[in-house]
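Taking it in order: structure first as structure tokens, then the write-up.
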Amino acid sequence: MVDLVLASASPTRVRLLTDAGLTFTARPATIDERAVEAPLIAGGAPAAEIADALADEKALAVGRDMPDAIVIGADQMLDLYGRRWTKPATLAEARLQLSRLGGRAHRLHTAVAAARGGAIVWHHRETARLTMRPLTDRDIDGHLARTGTAALTSVGAYQIEGPGIQLFDEIDGDYFGILGLPLLPLLRFLRKEGAIE
């Protein structure tokens, strides 16, 4: 059986693979994400393509030391009217993000890639459309009081698998992809490769 490696320390991604019954090692990729993004942003690349590039680079970075393993990299980008968002650094930033997302639909691009033998051998992207209900200052304050610094661990400052679901009116997209790992396409790929039964 092929060794599986997740190039991430994301507790959500680890939990998804664990709950799916996979045996794997989690080894976070140590890449400079802003340096990977910079030429893409300068060239006008959309958020979806930046997510693709980061997923690829994470898989390749960890895969360099493990050429016989299948290394899984993933990344997400939130896109609101063509503007790319990253995780908020502070609760003040989270508050600002939520105030801008309230009452609007945004797109969440989730990319996953697999590297083996120093090359990307598979890639997949899911895009979900999420519509937040209009949010008052009280709504935002309540959400941040419930979630605390967990709001800083995801783009958009919410987790739909927790209290963040209360912020939404409508969600159109793959649940696992929204959580950070398009699980069903990934499992199909791993079965095809003989990495899982």
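Values in this text are rule-based calculations from the coordinates and carry no lab data. Since the model is a prediction, treat every value here as computed from it, not as a measurement. Positions of Cβ are generated from backbone atoms using ideal geometry, with glycine treated the same way; all protein chains shown enter the neighbour counts.
The table below gives the values:
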item: CD proxy at 222 nm, helix term only [per DSSP H run n ≥ 4: -39500 (n - 2.57); per residue of the chain; nearest 500]; result: -11000 deg cm²/dmol
item: Under Karplus coefficients 6.51, -1.76 and 1.60, residue-wise ³J(HN,Hα) of the stretch 64-70 in Hz, glycine/proline x; result: 4, 8, 9, x, 8, 8, 9
item: Under Karplus coefficients 6.51, -1.76 and 1.60, residue-wise ³J(HN,Hα) of the stretch 21-28 in Hz, glycine/proline x; result: x, 7, 9, 7, 10, 9, 9, x
item: In nm, spacing of pseudo-spin labels at residue 15 and residue 64 (7 Å Cα→C-beta vector); result: 3.2
item: Most mobile listed residue (117, 21, 177) in the chain, GNM with C-alpha springs under 10 Å; result: 21
item: Label-point gap, in nm, between residue 3 and residue 49 - each point 7 angstrom along Cα→Cβ; result: 3.5
item: DSSP bridge pairs, the chain: antiparallel proportion in percent, nearest 5; result: 85
item: In order through the stretch 183-197: 3J(HN,Hα) via Karplus (6.51 cos²θ - 1.76 cosθ + 1.60), integer Hz, x for Gly, Pro; result: 6, 5, x, 5, 5, 4, 4, 5, 5, 4, 7, x, 7, 9, 8
item: Options (1) 109; (2) 220; (3) 124 - which one matches volume of the Cα convex hull per residue in Å³ as calculated here; result: (1)
item: Full-stretch length increase - residue 41, residue 184 - with 0.36 nm per residue and alpha-carbon distance subtracted; result: 48.5 nm
item: Cβ-derived FRET efficiency at R0 30 Å, residue 81 paired with residue 138, nearest 0.05; result: 0.75
item: Using a Förster distance of 25 Å, the FRET efficiency for residue 197-residue 121 (Cβ separation, nearest 0.05); result: 0.80
item: Sparse-neighbourhood loop sites, GluC sites (Glu not before Pro) in the stretch 106-186 - DSSP loop, at most 16 other Cβ within 10 angstrom; result: 161
item: Nearest-0.05 FRET efficiency for residue 23 and residue 93, computed from C-beta distance (R0 35 Å); result: 0.40
item: Cα long-axis angle, helix 33-42 against the chain (0 to 90 degrees, to the nearest 10); result: 70
